[in-house]
Amino acid sequence: MKYKILGKTGYNVSCVMFGGIIVSNVSAENASEYVSYAIENGVNYFDVAPTYGNAQERLGPAIHPYRNQIYLACKTTERDKEGSKKELLSSLKELQTDHFDVYQMHSMTTQEDVDKAFSSDGIIETLIWAKREGLIREIGFSTHNEDIALQIMDMFDFATVLFPMNWAMGLNIGWGDRIADKVKEKGMGLLAMKTLVERKWIDGDEKKLYPKSWCKPIFGDDKLAAAAIKYAFGKGAATTVPPGNFQHFEHLVKHIDAILEAPLTKEELEYLKTAASSEETKQNPIFDIK
C-alpha cells in the first residue's frame, strides 16, 4: 500500500481510505471481515459519519482491536454548537474511541450552512472546544460546493477538505481546479471522493448492482479507473475513497500500488477526455452547477 502525507496534519495515510458506508447494513461478522481485510492490506485511514445508516454501530467494534494503528475520521451535519457537541460525543461512544484524528463539518453546501456554522453559537465553537479538550486532533470539512469550499477555507485554519475530485467534471468544466490550487496554498490535506464515478444514474442503468452508490461507478474498465485515480492524485489528493460497495474498495486496494507507479500519461489523459466528452457523461454530471 502506498502512503502520502496528509497536508499539515503530518499523518502518513494510505492512498485508499476505508469509507464507513461499506459496513452500513451489513452483519457484524461482515463488518469485522471487511475491516480486517483493510488492515491486512495496509489501509490506515477510516472515515465514517452518523448519516451512514448504522455504519458507526458496525465500525466501532470492528476497528476497536486496531484503533492505535489507524487514523479515524468522523463528521457531523449539525451546524449549531449544542447539536454538534451532542453528536460528537455520541459518535465517540459508538465508535469506541476517546478521540478522532480528523473531525469534519459534513456536507457544507449552502450559504446558510456557512452562516450557521460560523455564528457565535455555531459548530465552529464546538470544534475549537473539542480540539482543546483532546477529543479531536485535526479539524476539516467536506463539501460538494466549490464556491462554499473556497469561502470557508479563508475563514478558518482547516487541516483537511474532503472534496469530489471528479475527472469528468474536472475535464468538462474545470471542476476542482480552484480547490487543488487553494489546498496547495494553504498546506491542507486533500481527501478525494467521487474519483471512481462517471455520472448520475440514468434510466437503463443497473443501479441494483451498486446499492450504496448514488452515482454511476466505474467498474469493468480498468484503464478508465486507473486514469481517473491518477487524475485525482495529480490534483494533489493524499488519499481517495472508492464508492461504498466492498467490491470497489477491494479492487482499488489490490491495484492502487500499480496505478500510482507513474503519473497520468498523455494517452491516459486522452482516454479520460474521450470518456468525459460522451453525451451521457456530459449531460448527466454528478452535480448540477448553476
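Annotations
- Counted residue by residue at 0.36 nm each, then reduced by the alpha carbon distance between them, the extension gain from Ile289 to Ala262 reaches 6.5 nm.
- Value of relative contact order over the chain, rounded to a whole percent, pairs C-alpha under 8 Å and six or more apart: 19
- Cut-off under 5 Å, modelled amide H: who pairs with Ser107 long-range: Ser142, Thr143
- Net dipole in debye of the chain [+1 Lys, Arg Cβ; -1 Asp, Glu Cβ; about Cα centre; nearest 20]: 300
- The Cα center of the stretch 1-33 and the Cα center of the stretch 74-96 differ in position by 20 Å.
- Calculated from backbone phi, Karplus (6.51, -1.76, 1.60) coupling profile of the stretch 11-22 in Hz, x at Gly/Pro: 5, 9, 9, 5, 6, 10, 9, 9, x, x, 4, 4
- Subset of Lys8/Lys186; Lys212/Lys273; Lys81/Lys212; Lys131/Lys235 violating a 20 Å alpha-carbon distance limit: Lys212/Lys273; Lys81/Lys212; Lys131/Lys235
- Measuring nothing but how far apart in sequence close Cα pairs (under 8 Å, 6+ apart) lie, relative to its length, the stretch 1-66 scores a relative contact order of 36 percent.
- Amide H partners (placed H, <5 Å) of Arg199, local residues excluded: Lys216
- Between Lys93, Lys266, Lys116, the GNM of the chain built on Cα springs shorter than 10 angstrom shows Lys266 fluctuating the most.
- Gained length - Lys207 relative to Leu269, 0.36 nm times residue gap less alpha-carbon distance: 19.6 nm
- Note: the stretch 3-283, Cα convex hull, 123 Å³ per residue.
- Looking at the chain alone, DSSP beta bridges between its own residues are antiparallel in about 20 percent of cases.
- Prolate/oblate/rounded label for the stretch 245-290 (Cα gyration tensor, a/c 1.5): oblate
- Mean sequence separation of contacting Cα pairs (under 8 Å, at least six apart), scaled by the length of the stretch 156-268, corresponds to a relative contact order of 27 percent.
- Inter-part distance where the stretch 110-135 and the stretch 237-290 are each reduced to a Cα centre, Å: 33
- Amide hydrogen neighbours beyond the local backbone of Asn44, cut-off 5 Å, H modeled: Ser14
- Top of Gly20, Gly204, Gly189 by mean-square fluctuation, Gaussian network on the chain, Cα under 10 Å: Gly204
- When the chain is treated as a Gaussian network with alpha carbon springs shorter than 10 Å, the biggest mean-square fluctuation among Ala180, Ala262, Ala276 belongs to Ala262.
Bear in mind these aren't lab numbers, they're just calculated from the coordinates by the rules spelled out. Here the structure is a predicted model, which means the values were calculated and not measured. So basically every Cβ, Gly included, is an ideal-geometry build from the backbone, and we count neighbours across all protein chains shown.
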